[in-house]
Amino acid sequence: MRFNFRKIASVLASAVMIGGTAGTALAANYPAPFVVGGAADGAIVVTSGSHAGAVSDWDAAVSLQSSLQNLVTTTAATTGATTTGGDSYKIERASTKFQMGKGILDIVSGTVTDTDMPNLLADGTFLDSDNNEKDYTQKLTLANLTLGMFDDNDYAEDAPTVGIKISSAGSVLNYTLSFTDQPAWDKLETANIKLLGKEYYILDANTPTNTSLTLLDSAETATIAEDETMTVANKEVLVTFIGDNQVKLNIDGEETNTLAQGETYKLSDGSYVGIKDIMYTSKTGAVSKVEFSVGSGKLKLTNGQDIEMNDDSISRLKAYLGGQGGANLQSITIEWKADGELFVAPDSEPEMPGFKAVKLTWGGMTYPVEEDIVVEAGGDDYVVLKNFPLKDSTETINLLYGNNANWTGIGKDSDNVLRTVESGNLTFDGDTDDYFVATYDDGTNAESYLMRATNFKVESSVNKTTIQYKSDGTWTNVQSDVSKGDDVTLGSVTLTVGTINYNDRTVVLKPGINVNFNTLYSKEGLKVYLPYTSTTIQNSTTEEYSCDNVTWSTGLVGPVNLSNTYANASVLCYSSTFDLAFVEEDKNENKASGSQFNATLGWNTATTAQAYVSDIVGESATFSEQDDTDKYLSYVYSPLATKLLWDKSGDQYALTLTYHGSESYGNVFVAAPEVTVSEGTTTAAGGGQILVVKDSEVDSVKNKNLIVVGGSCINSVAAEVLGVDYPTCGADFTTATNVGAGQYLIKAVKSPYNAEKTAVLVAGYEAADTKNAADKLAESHATDVGTENIYPEVTA
């Protein structure tokens, strides 16, 4: 007897033409349906017993779990923040949000009026002591505060954070009340004025110098008659003495001094009582009254000086009185600068001291999507893009390899090449090349595919090959048995097949319109310049011939064949570093129109000269360590705000970048103190876990796609899949499956627990055969319901 392997999967896939006109449904292959589009929807069921072979089955199950889990990726999207509870003004325009690296004045004018905050900054009317109405307006003028990343122990230790940091003495904002009709200074006292939504009583106007105002916070105002008791501001108040121009009050048992109109008294709890008006009468039978206020205190505004609250200066909160020294008060301006560092960030919202009427508050960052891309060493001498999110797939792509000193080739090694070309046609070599990247890019739309040519053959004297693309770890046919002159279409990518050499296993592929073989785009639109070799760079000297003057441009990597202008000679030049360049979109999602940053790939000569990410160029914030992890965070200040996490925890440094797909922005509000901000919600896509469970625990995963490891002799779920009693062993197992000694089965059926899901059985006659079945499944085996394959097939 001899053994042959049936290759059902390749037969099913060969009928498929993606993006063409064939219209044939795509066959499912492992890792589908267990991982699709980076999302996990599967579990692996293995025996719960201690039968012979159980350990081997568990090893096979864990191996499958690991291979599937490596294909699981997660993207996330964050929505904008919202406010409730009062006036708020968000720093943004419809056309431009508050992007990282921008100042407030880059986004908005910085002037906030009653149009933006109709209660806090409402136009008002001031009634002077002669009952004359004087109209006024209010506004805020914001400082040009910048949104970015900061790392400051005064905010949080070893926790780089996105938000706004305001340096000590830095401007925050100005408040201005401007009178349209200007009141006379000598008509201000005893009148009420509303500033920033709060009522104040003017105790003193400093006449005749007219350079300051003393205000009483009129939090609660009442009028009380002699011999009356009332409760004001949760305090019991009674009049103990009232005269022609003096009064004494008892407040919660505490006796005030004798107070005249306009005077204040500080209570033991720190609050203030102020006398607004004494209405004394000496007539028999008449009742004298006093109008008073209980509030947080008094504020003294002196032109050009720090404001005083309850006789203590508030550092860097200054008042400017327009018209000071003149007959009329023109305006009141409050200048707010930071007294020490301030932060507009999570759990930190600076509030104007003294007045406590306006604050800056943080509603988090909005990221339309979060797409993680990892640049790391795949081994000691090569670098990969790990789990790179392509248009329809997530793949690990080998980039560069070298000799632990210089980069000498593209891909993993000389037998596993990533084939690229500077421009024009690409020649794919089936003996040495793993794959190539084909990218369509018209400036507005872009998509990339990981592709290869395989199955070179000759039929009727015609050389043919099959073009495939990789989808979630599975090679899938785009078009089978193409020959010279055929067009191959995948999405927007079109390739024309050129010369095929069956003996050399090579094929020439001509790119269609807007197609190239040296760039790569992520699903969300981040451009990557792939490495390629070139023969077009010439030595810049006229006589000397060496590699000293090579300019390593974007995408260029050794070996570079330099041709001397004056001599028929050449030399191969290599580089010890390579700048892997990334380019963002702009905020309108125009491709490669945004900021560029580079990951420098080199060799860690301080250790064992292993491949690693030696530097990152183009970051906007200084890399800062997160806690004590040896992982350093930065961002690219741009409309898309790419996040950069540089992992230096081992010898082979790696970079994880998070790309946000479109305009990303901070949610920063100017708000009344009672306002509550709710940060945007984050919605995840993809992700999930591939679980390994015992057959006795199958109910916990019955709504998932299942891989059942082991036969019906030791796995009760396998018996369900086969429709036999448990246990079914030995000759009975062979009768049920046609699987004999040295053979194994891969069988896909509708799950016996959920008809919408698939159950794939991998089972052998012995434990070693089951292990072979699991390995075979992992080779992109077909997983369509109805698939049933016995390996090896016994033939005469």
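Determine the distance separating the Cα centre of the stretch 760-791 from the Cα centre of the stretch 136-162; give it in Å without decimals. The two parts, judged by their Cα centres, are 59 Å apart.
Volume per residue of the convex hull around the Cα atoms, evaluated for the stretch 365-478, comes out as 157 Å³.
Run the dipole for the stretch 79-142 about the Cα centre, Lys and Arg Cβ at +1, Asp and Glu Cβ at -1, nothing else charged, and hand back the magnitude in debye, nearest 20.
580 debye
Overall form of the stretch 713-791: oblate. Here a/c, set by the Cα gyration tensor axes a ≥ b ≥ c, is 1.5 or more, and a/b is not larger than b/c. Classify the stretch 198-350 from the C-alpha gyration tensor, please: rounded if a/c falls under 1.5, else prolate or oblate depending on whether a/b exceeds b/c. Oblate. Across the stretch 336-419, Cα-Cα pairs farther apart than 17 Å form 66% of the total.
Across q = 0.07, 0.08 Å⁻¹, the chain modelled as identical point scatterers on its alpha-carbon atoms has Debye log10 I(q)/I(0) values of -0.72, -0.83, in the order of the q list. Using a probe of 1.4 angstrom, how much of the accessible area of the chain is carbon and sulfur, in percent? The C+S portion of the solvent-accessible surface of the chain is 42 percent.
Please calculate how many Å² of accessible area the chain carries per residue, with a 1.4 Å probe and no DNA, RNA or ligand atoms counted. Per residue, the chain has an accessible area of 42 Å².
For LYS300, the accessible area of its heavy atoms, probed at 1.4 Å with every protein chain present, is near 80 square angstrom. Our note on the geometry: Cα centres of the stretch 577-636 and the stretch 225-284, 69 Å apart. Between the Cα long axis of helix 767-777 and the first principal axis of the chain there is an angle of about 70°, rounded to the nearest 10. Classify the stretch 566-645 from the C-alpha gyration tensor, please: rounded if a/c falls under 1.5, else prolate or oblate depending on whether a/b exceeds b/c. Judged from the Cα gyration tensor, the stretch 566-645 comes out oblate (a/c at least 1.5, b/c at or above a/b). Could you tell me which of ILE307, SER634, THR137 has its Cα farthest along the dipole of the chain towards the positive end, charges placed at Cβ (Lys, Arg +1; Asp, Glu -1), taken about the Cα centre? So the residue we want is SER634.
Simple rule: put +1 on each Lys or Arg Cβ and -1 on each Asp or Glu Cβ in the chain, find the dipole, and look at THR214, ILE707, LEU722; the Cα lying farthest toward the positive end is LEU722.
Rounded to the nearest 20 debye, the dipole size of the chain about its Cα centre is 2300 debye, using +1 on the Cβ of Lys and Arg and -1 on the Cβ of Asp and Glu. Rounded to the nearest 0.05, what FRET efficiency do THR622 and ALA233 give with R0 = 45 Å and r taken as the Cβ-Cβ distance? Could you check? Taking R0 as 45 Å, the efficiency between THR622 and ALA233 is 0.35.
Candidates ALA327, LEU360, LEU317 compared by Cα position along the dipole of the stretch 314-438: farthest toward the positive end lies ALA327, with charges placed on Cβ. Full extension of the segment from ASP413 to ALA741, taken as 0.36 nm per residue of separation minus the current Cα-Cα distance, would add 114.2 nm.
Per-residue 3J(HN,Hα) values for the stretch 711-726, derived from phi via the Karplus relation 6.51 cos²θ - 1.76 cosθ + 1.60 with θ = phi - 60°, read x, 6, 6, 10, 10, 5, 6, 4, 4, 4, 4, 7, x, 10, 6, 10 Hz in sequence order (x marks Gly and Pro). Taken over the stretch 167-240, the alpha-carbon convex hull comes to 186 cubic angstrom per residue. Normalised by the number of residues in the chain, the mean separation of alpha-carbon contacts (under 8 Å, six or more apart) gives a relative contact order of 18 percent. Inverting the pair-averaged 1/r between distinct Cα atoms of the stretch 278-332 gives 14.3 Å as its Kirkwood hydrodynamic radius.
Centroid-to-centroid, using Cα positions, the stretch 419-435 and the stretch 372-417 are 16 Å apart. In the stretch 42-174, one over the average inverse separation of all distinct C-alpha pairs is 21.2 Å, which is the Kirkwood hydrodynamic radius. Over the stretch 651-796, the alpha carbon radius of gyration divided by the compact-protein estimate 2.2 N^0.38 Å works out to 1.63. Taking label points 7 Å from Cα along the Cα-to-Cβ direction, LYS266 and ASN590 give a separation of 6.2 nm.
The values are calculated or read from the model by the stated rules, or taken from the named source; none is laboratory data. Note that the coordinates shown come from a computational prediction; the quantities given were computed from them, not determined experimentally. Don't worry about glycine lacking a Cβ; one is built from the backbone with ideal geometry, like all the others, and counts go over all protein chains shown. Surface accessibility is based on the protein's heavy atoms, side chains included, excluding ligands, DNA and RNA. Shrake-Rupley method; radii C 1.70, N 1.55, O 1.52, S 1.80 Å.
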